[in-house]
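For reference, the structure is listed below as C-alpha cells.
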Amino acid sequence: MGRSQDSWNKKETAKRKEKKRKDKEKKREERSGKSRDGNSLDDMIAYVDQDGNITSTPPDPGNKEKVKAEDIVIGVPKKDENEPEVRTRTGIISFFNEAKGYGFIRDLDTQESFFVHVNDMIDPVSKDNKVSFELQSGLKGKNAVAVKLFKKDV
C-alpha cells in the first residue's frame with residue numbers, strides 16, 4: 001500500500017481555503033438577504049428640520065420659508081467701506097526680550113496677547129510699559145505695529 005501524495009500541511013491548507021470560501025459565500029448571502037428585507041428607499045431617507053436636526057419624518061409643507069436667490073450670499077462678503085480699518089488699541093508689554101528684539105503685548109480690552117517686533121516700534125519700550133498700538137495680519141496671526149508709549153490726552 002502506497003503512501004498518500006498529500007502531506008498533512010497540504011491538507012490543512014486546503015481545509016482553510018475551503019472554510020474561507022464558505023464563510024465568504026455565507027456573508028454574501030447575508031448581505032443580499034438584508035437588502036431585500038424592508039430596506040427600501042423610503043426607510044433610508046432622512047430629513048433636516050428648521051433647527052438643523054436630522055429626523056425621519058418629512059417637514060410640514062406649511063412651514064416652508066420663501067428665500068430669494070438674490071439673498072443667498074456665496075463666499076465672503078465684501079468689507080463695508082464706512083467701517084474704519086485701523087483702530088488704535090492700548091495694552092501692556094507682558095514680555096520683551098531686548099537682545100532678540102521681540103515681545104508680546106497684552107490688550108487691555110480683550111486680554112489677548114499679540115506679537116511685537118522691535119522694527120514695528122516707534123518709541124523704545126520695556127516690560128510693564130503701557131503702550132498704544134495697531135494690529136496687522138502677520139504670517140502666524142495678528143501682530144502689533146506702530147507701538148508707542150501711551151500718552152493720555154488731557
Legend entry - Conditions (1) exposed (fewer than 11 other Cβ atoms within 10 Å of the Cβ); (2) touching a Ser or Thr at 6+ places or on another chain (Cβ under 6 Å); (3) among the hydroxyl-bearing types (Ser, Thr, Tyr): number failed by Ser56: (2)
Legend entry - Within the range 102-128, tally of residues that are surrounded by 14 or more Cβ atoms within 10 Å (Cβ to Cβ) and farther than 13 Å from Ile92 by Cα: 5
Inset, instruction - Would you confirm whether any residue within the range 129-148 is more than 33 Å from the chain's Cα centre (by Cα), surrounded by 11 or more Cβ atoms within 10 Å (Cβ to Cβ), part of a loop (DSSP other than H, G, I, E, B) and at pLDDT 90 or above? - result: yes
Inset, instruction - Being modelled with pLDDT under 90, within 16 Å of Val147 (Cα to Cα) and charged (D, E, K, R) is the filter here, so list the residues in the range 74-112 that pass it. - result: Arg87
Legend entry - Residues of the range 114-130 that turn out to be without any contact (Cβ under 8 Å) to a residue 24 or more places away in the chain and closer than 13 Å to Phe96 by Cβ, as a count: 2
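The values are calculated or read from the model by the stated rules, or taken from the named source; none is laboratory data. The shown structure was predicted, so the numbers you read here are calculated from the model rather than taken from an experiment. Counting neighbours? That spans all protein chains shown, and the Cβs are built from the backbone with ideal geometry, glycine included.
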